[in-house]
1. Give me 93, 152 ranked fewest to most by other Cβ atoms within 10 Å of their Cβ, as a rough exposure proxy.
2. Using alpha-carbon pairs under 8 Å, 6+ residues apart, how would you state the relative contact order of the chain in percent?
3. Can you give the Rg to Rh ratio for the chain, taking only C-alpha atoms and Rh from Kirkwood?
4. If the elastic network links every pair of Cα atoms under 10 Å, which of 134, 74, 164 fluctuates the most in the Gaussian network model of the chain?
5. Using Cα springs under 10 Å in a Gaussian network model of the chain, which residue among 20, 49, 141 shows the largest mean-square fluctuation?
6. Of the candidates 86, 126, 145, which one comes out as most mobile in a Gaussian network treatment of the chain with C-alpha springs shorter than 10 Å?
7. Counting only C-alpha contacts under 8 Å and six or more residues apart, can you give the relative contact order of the range 12-103 as a whole percent?
8. Can you give the alpha-carbon Rg of the range 12-103 over 2.2 N^0.38 Å, where N counts its residues?
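Each value in this text was obtained by applying a stated rule to the coordinates, not by laboratory testing. What you see is a predicted model; the values in this text were computed from it and never measured. In this analysis, Cβ positions are derived from the backbone assuming ideal geometry, glycine residues included, and neighbour counts consider all displayed protein chains.
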């Protein structure tokens, strides 16, 4: 049987992992380093290796990656090149010790004023704010900047977060352009059948 990946071509169990001596901070922030017999790199849109700390497209190569999508050569070519490098669909960066930090899916990225923004990175920071119970960030069209960030927030009981507070909180950990430009308070975040936030449903009817 030919191995096939249905949705996301990412084999984390065989690609990266933490070492016994890794600090709690490294374990919490990263997905570890490349495992034995695995090549891992982060490249730009032209396939050039990114500098340490620069966000780019994550790809890996080993004898255990998928061979192809079942009877779908076009989609296979989109993620697997002739040299065996598999593009995982994730965006991330490598530190000076080779640890990989993921910042989100490339498909979720939006471009605000010429700068790439990965919602998962912003969501992680916003979720640390005391008044935020759950949060989802999406990019929406804007006439001036191209796209801007819209944060859907489910507040904790008794809290009522305001945009200015959330933006200020974001700036403590992220660049200014990553802070959301708009805020909508919602009672709950819709979920897909596999338990992920359904961002299409959030935007439906807008």
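1. Details: 93 19, 152 22.
Result, fewest neighbours first: 93, 152.
2. RCO, the chain: 14 percent.
3. Details: Rg = 18.5 Å, Rh = 18.7 Å.
Radius of gyration relative to Kirkwood radius: 0.99.
4. 74
5. Ranking 20, 49, 141 by mean-square fluctuation puts 20 first.
6. 145
7. Computed over the range 12-103, the figure is 29 percent.
8. Values: Rg = 13.6 Å, N = 92, 2.2 N^0.38 = 12.3 Å.
Scaled against compact globular proteins, the figure is 1.11.
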